[in-house]
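> The structure follows.
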Amino acid sequence: MTAATATHLQVLEAEAIHVIREVAAELEKPVLLFSGGKDSIVLLRLAEKAFRPGAVPFPVMHVDTGHNFPEAIEFRDRRVPEIVVASVQDSIDRGRVRDEPSRNRLQTTTLLDAIEEHGFDAAFGGARRDEERARAKERIFSFRDDFGQWDPRRQRPELWSLYNGRVRQGEHVRVFPISNWTELDVWEYIRVEELEIPSIYFAHEREVFARDEMLYAVSEFLPLRDGEEPFVESVRYRTVGDMTCTGAVRSTAATLDSVIAEIAATRITERGETRADDRTSEAAMEDRKREGYF
C-alpha cells in the first residue's frame, strides 16, 4: 500500500498504530484507558493490531465512577475480562474525595492515584480533537507534571511524526493515538472492522426526562426535580459517560449504517450535544484537564 492508494481510514489507522508502537518502545509501563465507549473500543482494536500476532503488552484500565450505564459495564467485562478497575467509590471510601451528585470530576483523583499506585508512565486515551476546544489544542503526547496537571503553554513540538516520550521521575504522559480522527471516522472504522459496541449506541426505547435541553435516563443516580416528569422516548447515545451528565439524543437509527448517516448529517459535536459537564463554563473541559482529567 502506498500513500497514493491508501484510503483515509488506512492513513489514520497507520498513524495511530505508529503512535502506540512508539509509546511501547519509549515508555516503560503504559496503560490503555477503556470505558466501553466507541473511542476506547477503536483504541483497543488498534492496540491489538499494533502487536499482532502477539498480545497487547500493557494492561487495560477503567476509571469507574459507579454511575455508569449498565450496558457499558456489561460490555466492558465481556470485552476485557482481565481489566484493571480504578473505582471512584473506593476513593470516596478512603476519604480521597467527597461524593458529589455527579462523579465525573472525581475521576481525576482516582485516575492520578491509580497511575501512581501502579507506576504507569503513559496512559493511552481515546480523546479526539474534534470533540471540544480544549482537546483541539492538546498534542498527541500530552505531558503531565508530578501533580498530574496539564499546562497548555508547555507542550512539546511534534514534527514529522516524531514524538519525545521522555518523562522525569513522577511525571507521566497521556497519549491520544486517534487525536486526528473525527466522530464519523470512528463510526466508519467500527463498520470496516465489524467491531461490537454497546447496545445503547443504537436507537432503543428508554425512560427519560428533560433537563437543561437534554434527555437524561431515569436512574437512581439522578433524582427528579420538581416539575420533571419521566416519559418513554426512542433514543440513542453518541457518547458513553457518567449517567448523571450524559444525555441521549432522539433517534430511530437502529443500525450501523443509519447511525453513520445520522452522524454525517449533524453539525453539533457529541460532547456539545450530550455532555452536561462541558456546559458548566466556557472553559470547563480545559479547567478539568489542567487538574489532571482525561
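The values are calculated or read from the model by the stated rules, or taken from the named source; none is laboratory data. Keep in mind that this is a model prediction, so the values were computed, not measured. For neighbour counting, all protein chains shown are included, and Cβ atoms are generated from backbone atoms with ideal geometry for every residue, glycine included.
> Could you tell me whether any residue of the stretch 238-258 is among the charged types (D, E, K, R), at pLDDT 90 or above, within 27 Å of Ser142 (Cβ to Cβ) and in contact with a strand residue (DSSP E or B) (Cβ under 7 Å, 6 or more places away or on another chain)?
yes
> Here's another thing I want to ask about it. Here are the criteria: (1) in contact (Cβ under 8 Å) with a residue 40 or more places away in the chain; (2) surrounded by fewer than 14 Cβ atoms within 10 Å (Cβ to Cβ). Tell me which single one Phe120 does not satisfy.
With (1) in contact (Cβ under 8 Å) with a residue 40 or more places away in the chain; (2) surrounded by fewer than 14 Cβ atoms within 10 Å (Cβ to Cβ) applied to Phe120, the lone miss is (2).
> Another question, if that's okay. With the requirement that a residue be out of contact with any His (no Cβ under 9 Å at 6 or more places or on another chain) and part of a strand (DSSP E or B), what does the stretch 34-83 give you?
Those that are out of contact with any His (no Cβ under 9 Å at 6 or more places or on another chain) and part of a strand (DSSP E or B): Val60, His62, Val63, Asp64.
> I need every pair where a residue in the stretch 92-104 that is outside the structural domain of Val240 (by TED's automatic domain parsing) and without any contact (Cβ under 8 Å) to a residue 60 or more places away in the chain has its Cβ under 9 Å from the Cβ of a residue that is of a type in the set (Asp, Glu) and assigned to a helix (DSSP H, G or I), sequence separation at least 6 or different chains.
From the stretch 92-104, the pairs are Arg94/Asp113; Arg96/Asp90; Arg96/Asp113.
> Could we say that Val84 is of a type in the set (A, V, I, L, M, F, W, C), assigned by TED's automatic domain parsing to the domain that holds Ala16 and more than 25 Å from Ala217 (Cα to Cα) here?
yes
> Determine whether Gly126 is exposed (fewer than 14 other Cβ atoms within 10 Å of the Cβ) and assigned to a loop (DSSP other than H, G, I, E, B).
No: the conditions fail for Gly126.
> Let me ask something additional. In the set Glu158, Glu188, which member is free of Cβ contacts under 8 Å to residues at least 24 places away in the same chain and over 22 Å from Val84 (Cα atoms)?
None of the others qualify; the one that does is Glu158.
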